[in-house]
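The values are calculated or read from the model by the stated rules, or taken from the named source; none is laboratory data. Worth saying up front: this structure is predicted, and the values here are computed from it rather than measured. Cβ sites come from the backbone with ideal geometry, for glycine too, and all protein chains shown count toward neighbours.
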Amino acid sequence: MPPVVVALNRAGEPTAHRIAKAFGAPVHGREGRVDRADAYFPNALTHVRDLFAAGLPVIGVCAAGILVRAVAPLLADKTAEPALLAVSDDGAIVVPLLGGHRGANRLAREIAAALGATAAVTTAGDVALGVALDEPPAGWSLVNQSDAKPVMAALLSGAGAEIIGDEAAQADWLAALPPATPGGPNIVCTMQPVETGPDTLHFAPKRAILGVGCARGCPPHELAALVQSVLDEADLHPAALHSVNTIDLKADEPAILQVATGLGAPLRLFAAAELETLTPRLENPSDVVFAEVGSHGVSEAAALSQSPDSVLWFPKRKSANATCALGLAPAPLTELQGRARGHLAIVGIGPGQSTWRTPEASKLIAEAEELVGYGLYIDLLGPLAAGKTRKVFPLGAEEDRCRYALEEAGKGRRIALISSGDAGIYAMGALVFELMDRGPEAQGVSAAARRVEVVSAPGISALQAAAARSGAPLGHDFCAISLSDLLTPREHIVRRLHAAAAGDFVIAFYNPVSKRRRTLLAEARDILLGHRPPETPVLLASSLGRPEEELRYRTLAELEVDEVDMLTVVLVGSSNSRLAHLGEGPRMYTPRGYARRIDGDLKGART
């Protein structure tokens, strides 16, 4: 993902814009302290922490200590953390703080070159050896990552490495290493499997291209076994695979998805017309295949798809339901042709404040090419949404919103569908899967949209936020009921109200009123009064997690429709719920019965 440049004051603002211009990156500026920025934030520590949690590389034009304090609570795994760099206000010094071998050292050097600055790289391998063995360049894979540390330690202690293997001539990036010394480590550059250890590193060039095809519903183990047999025949280590390639009709085929995941290689998809252009290079073109999918070959054409200079290394191999072929490029491949499988993230962002948004949700938003949703919900993302393409739909256009998101993902794009609260609770999650389940014949979505990968990121729901703010009203059995009769028949809602009232549940009312719907909340109150005391506590929680947040407590008998709006969630206690006035103010809670259990234990002890 592209970096974000963070400016905290006017002194560093010119430097921030110079960096941003050099890298095509956005500038995020502190409110009131920076004159010009693509997005503004009120609190530097919170904002940097949010960006870091989302996996975004951060270039802070500020003191290094500010950045360190911001991300310190999140530090856990250096192999997964994004780059974090500090640049002095005057642009003279660039310091990679974290993620040195995940892009920070490279970014530091590039920033230094753009600014005429000094890159204060402190990573031992980069300083002493001129190369980071645990971060090979694009087109190469380090097979035994865990052995990089002892090998680099040996080199830093004065040993020299012997570079061997049939691909050693391709590895010119290793030329800076000291020459071989007796007893020094070995660095093997080959596509073949080799024995490794703390004195031997294996670098595999990504020259092999796997093409696969299969019948719909092919058993995953069948395709996996066929692919493995070809890899064994080629004496090829999976790390030398650049990609797994197939026709776009198979974007959701479980057997192909499992093969790509198991090999750790990206899956790339091609339209039939794209594969058909490669027919003159095929060894086994088939009219039968052409009649079926529109291309004279799938696996062989896919195996040639990543490079115009590639050759068929292993032509098509077949099993009962699957085919595969292996292509070979003349040099390590550094780019991906074709398109990825479409990806739709259904993201619940919670009530709105960033501290209640999960890191997973932030990461999916940061990775998305486009944000789709109701405008208010996208606005709540603040600077995290800055620079993102967005498609805004009004309230009432929920089906259009979900259909658009699915169809755009069907084009191979990464889309994030934004909901407040939890997207699976009275929000867009269910509608997405309903549209996919309908199919085009029932006003669903296209076949391409039905093949996309859909993931859901949970968010803090309004009932959870309201409960946390007020105490513990959901401490015992509870339910949620939407009072909107736009999609649910009114009689169904009334039936559920009677059932919940008779069951003595704590009830969270969603969509309690609107400008046109004013009667169901009053009816719900009257139904509940028939089953629980009039002094039953009620919480009215509005705009949770936002500056205008408001909590109001009422009794069930006092509940009035006119003080409730669409931004309010209503929590009605059970007959056991209590409103206690404690040191911190009113606290609403529903006991689980511990007092009765303790009382029973005491009676038993006395007996």
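Yes or no: A508 closer than 22 Å to Y589 by Cβ and outside any loop (DSSP other than H, G, I, E, B)? Before the answer, list the steps.
Numbers: closer than 22 Å to Y589 by Cβ: yes; outside any loop (DSSP other than H, G, I, E, B): yes.
Considered against the rule, which asks whether it is closer than 22 Å to Y589 by Cβ and outside any loop (DSSP other than H, G, I, E, B), A508 comes out as yes.
Return a yes/no flag: does the stretch 402-422 have any residue that is under 20 Å from G350 (Cα atoms), in a loop (DSSP other than H, G, I, E, B) and touching a Ser or Thr at 6+ places or on another chain (Cβ under 6 Å).
The answer is yes, given that some residue of the stretch 402-422 is under 20 Å from G350 (Cα atoms), in a loop (DSSP other than H, G, I, E, B) and touching a Ser or Thr at 6+ places or on another chain (Cβ under 6 Å).
Working only within the stretch 365-392, note down all residues that are crowded, with 17+ Cβ neighbours inside 10 Å and either under 16 Å from G421 (Cβ atoms) or not assigned by TED's automatic domain parsing to the domain that holds I425 (or both).
Passing the criteria: I365, G373, Y374, Y377, I378, L380, L381.
If you take the residues in the stretch 425-464 that are assigned to a loop (DSSP other than H, G, I, E, B) and within 24 Å of L269 (Cβ to Cβ), which one is nearest to the chain's Cα centre (by Cα)?
Going through the qualifying residues, I end up with V452.
Scanning for something touching a residue at least 24 places away in the same chain (Cβ under 8 Å), of a type outside the set (K, R), within 17 Å of G217 (Cα to Cα) and outside the structural domain of R413 (by TED's automatic domain parsing), does the stretch 259-278 turn up at least one residue?
Scanning the stretch 259-278 turns up at least one residue that is touching a residue at least 24 places away in the same chain (Cβ under 8 Å), of a type outside the set (K, R), within 17 Å of G217 (Cα to Cα) and outside the structural domain of R413 (by TED's automatic domain parsing).
If we scan the stretch 511-522, do we find a residue that is of a type outside the set (G, A, S), within 33 Å of the chain's Cα centre (by Cα) and within 21 Å of G421 (Cα to Cα)?
Yes, the stretch 511-522 has at least one match.
Which one of these does E195 not meet: (1) more than 29 Å from the chain's Cα centre (by Cα); (2) in a loop (DSSP other than H, G, I, E, B); (3) in the same structural domain as G264 (by TED's automatic domain parsing)?
So the condition that E195 fails would be (3).
When A154 is evaluated against the numbered criteria (1) more than 19 Å from E135 (Cβ to Cβ); (2) surrounded by 15 or more Cβ atoms within 10 Å (Cβ to Cβ); (3) out of contact with any strand residue (DSSP E or B) (no Cβ under 8 Å at 6 or more places or on another chain), which criterion, by number, is the only one it fails?
(1)
Do the conditions hold for P547, that is, is it at pLDDT below 95, assigned to a loop (DSSP other than H, G, I, E, B) and exposed (fewer than 13 other Cβ atoms within 10 Å of the Cβ)? Write out each step before concluding.
On the way: at pLDDT below 95: yes; assigned to a loop (DSSP other than H, G, I, E, B): yes; exposed (fewer than 13 other Cβ atoms within 10 Å of the Cβ): yes.
Answer is yes for this residue.
If a residue must be charged (D, E, K, R) and either part of a helix (DSSP H, G or I) or under 17 Å from T15 (Cβ atoms) (or both), how many such residues does the stretch 72-122 contain?
6
Please find, within the stretch 169-190, the residue that is farthest from the chain's Cα centre (by Cα) out of those that are within 17 Å of S157 (Cα to Cα) and of a type outside the set (A, V, I, L, M, F, W, C). Spell out the reasoning first.
Here is the first cut: in the stretch 169-190, the residues within 17 Å of S157 (Cα to Cα) are 176-187.
Imposing the further condition that a residue be of a type outside the set (A, V, I, L, M, F, W, C) reduces the set to 178-179, 181-186.
Working: P178: 41, P179: 43, T181: 46, P182: 47, G183: 45, G184: 42, P185: 39, N186: 38 Å.
Filtering the stretch 169-190 for residues that are within 17 Å of S157 (Cα to Cα) and of a type outside the set (A, V, I, L, M, F, W, C), the one farthest from the chain's Cα centre (by Cα) comes out as P182.
Pick out the one residue from L107, L129, L98 that is modelled with pLDDT under 95, touching a Leu at 6+ places or on another chain (Cβ under 9 Å), farther than 28 Å from A53 by Cβ and not charged (D, E, K, R).
Going through L107, L129, L98 in turn, just one is modelled with pLDDT under 95, touching a Leu at 6+ places or on another chain (Cβ under 9 Å), farther than 28 Å from A53 by Cβ and not charged (D, E, K, R): L129.
Results for (1) modelled with pLDDT under 95; (2) of a type in the set (K, R); (3) touching a Phe, Trp or Tyr at 6+ places or on another chain (Cβ under 8 Å); (4) not assigned by TED's automatic domain parsing to the domain that holds E253, shown as yes or no for each residue.
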| position | (1), (2), (3), (4) |
| --- | --- |
| V452 | no, no, no, yes |
| A480 | no, no, yes, yes |
| T488 | yes, no, no, yes |
| I493 | no, no, no, yes |
| Y510 | yes, no, yes, yes |
| R516 | yes, yes, no, yes |
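Applying the selection to the stretch 240-280, what residues are out of contact with any helix residue (DSSP H, G or I) (no Cβ under 8 Å at 6 or more places or on another chain), part of a helix (DSSP H, G or I) and within 30 Å of T190 (Cβ to Cβ)?
A240, L257, A260, T261
Any residue in the stretch 425-439 that is assigned by TED's automatic domain parsing to the domain that holds F509 and of a type in the set (F, W, Y)?
For the stretch 425-439, residues assigned by TED's automatic domain parsing to the domain that holds F509 and of a type in the set (F, W, Y): absent.
For (1) small (G, A, S); (2) in a helix (DSSP H, G or I), each residue gets a yes or a no:
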| site | (1), (2) |
| --- | --- |
| V289 | no, yes |
| E292 | no, yes |
| S295 | yes, no |
| P308 | no, no |
| W313 | no, no |
| R317 | no, no |
| A325 | yes, no |
| P332 | no, no |
| Q337 | no, no |
